[in-house]
C-alpha cells in the first residue's frame with residue numbers, strides 16, 4: 001500500500017500516522033500479553049473452539065489488537081491473515097513475532113522464546129523508534145509499557161500458557177502448526193492502518209479485489225468505542241465524521257460472507273455499530289454477520 005503524504009510517513013515498520021499534537025507520528029502502547037478479552041466461558045469460544053465453518057480459500061482474516069487474533073485465525077483455519085493497528089510499534093512487534101513463528105517449528109520451543117527473548121525484541125522495537133520516543137514517554141510513559149512484559153515471567157501475575165481459561169493462548173496449545181505454516185508461506189502479515197483512514201481502506205479494498213480475496217473474519221476489538229469518547233485512540237478530539245468514515249471503510253471489505261466480532265464496550269454501542277455496518281446483531285453471540293447472525297448454535 002502507498003503512503004498518502006497528507007496522513008502517513010515512512011518508518012521502520014513501513015508506515016505511521018502523522019499527528020498534530022506533537023512532532024512526528026502517532027506511537028502508543030502495544031499488546032504483548034493477554035488482556036482478558038477471551039477467557040473460558042466467553043462467546044469467543046464459539047469461534048476459537050467451535051466447529052470450523054465452511055469457507056472458500058479466498059477468504060482471509062483481519063483483526064485488531066493482540067494474541068487473541070492468533071487464536072481466532074488458528075481456530076477457524078484461515079489460510080491468510082492481516083493483523084492491523086494504527087500503532088506502528090504494534091506492527092513492528094507483529095512483524096518480528098511472525099518472523100519467529102516462521103522460524104520455530106514447534107509450539108514448546110516458541111513458548112520458551114516468548115518467555116525468554118521477548119524483552120530483547122521489545123528493546124529492538126524501541127531502538128528503531130528512538131527518534132520518536134520522547135513523544136511516547138511524554139504521552140504514555142512508554143518506558144513502563146515495554147517493561148510491563150517482564151510481568152509475564154512472574155509466577156503471581158503470569159497466566160499459564162497451558163491454562164484453558166486463557167483462550168487467547170489457544171493458538172499456542174492447539175493451533176501453532178497452522179500459524180507456523182501460514183508464516184512460512186508468507187500468508188500472515190501486519191499492517192499499520194487507522195479505521196478512519198478512507199484513502200488507505202480504499203487501497204486495501206482494491207488490493208483484495210485485484211487478487212480475488214475477501215474478508216471472511218473481522219475482529220474489531222473495542223476500537224470503535226473510542227470514537228465515542230472525548231478523544232480517540234490517537235488523541236484526536238471526537239468528531240462525527242470519523243465515526244461515519246469508519247463505518248464506510250469497514251463496509252468496503254464486509255461481504256455477506258464476513259463473520260464479525262465487535263467487542264465494543266456496551267450492548268447499545270455494539271447494536272448501533274451492527275446497524276451501521278449492515279450486520280444482524282445477537283448479543284448472546286457477541287458477534288454479527290451481514291444478513292444473518294454468525295457464530296450461533
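Odds and ends about this structure:
- With a Förster radius of 30 Å applied to the C-beta separation of residue 123 and residue 174, the computed FRET efficiency comes to 0.45.
- Fully extending the segment from residue 6 to residue 18 would add 3.5 nm, taking 0.36 nm per residue of separation and subtracting the current Cα-Cα distance.
- In terms of other Cβ atoms within 10 Å, 232, 205, 112 run from fewest to most in the order 112, 205, 232.
- At R0 = 25 Å, FRET efficiency that the Cβ-Cβ distance of residue 189 and residue 45 yields, to 0.05: 0.40
- The calculated FRET efficiency for the pair residue 203 and residue 77, based on their C-beta separation and a Förster distance of 35 Å, comes to about 0.80.
- Relative contact order for region 171-285, counting Cα pairs under 8 Å that sit 6 or more residues apart, in percent: 28 percent
Every read-out reported here was derived from the displayed coordinates using simple, explicitly stated rules and does not represent laboratory data. Bear in mind the structure is a predicted one, so any value in this text is a computation, not a measurement. Virtual Cβ from ideal backbone geometry, glycine too; neighbours counted across all protein chains shown.
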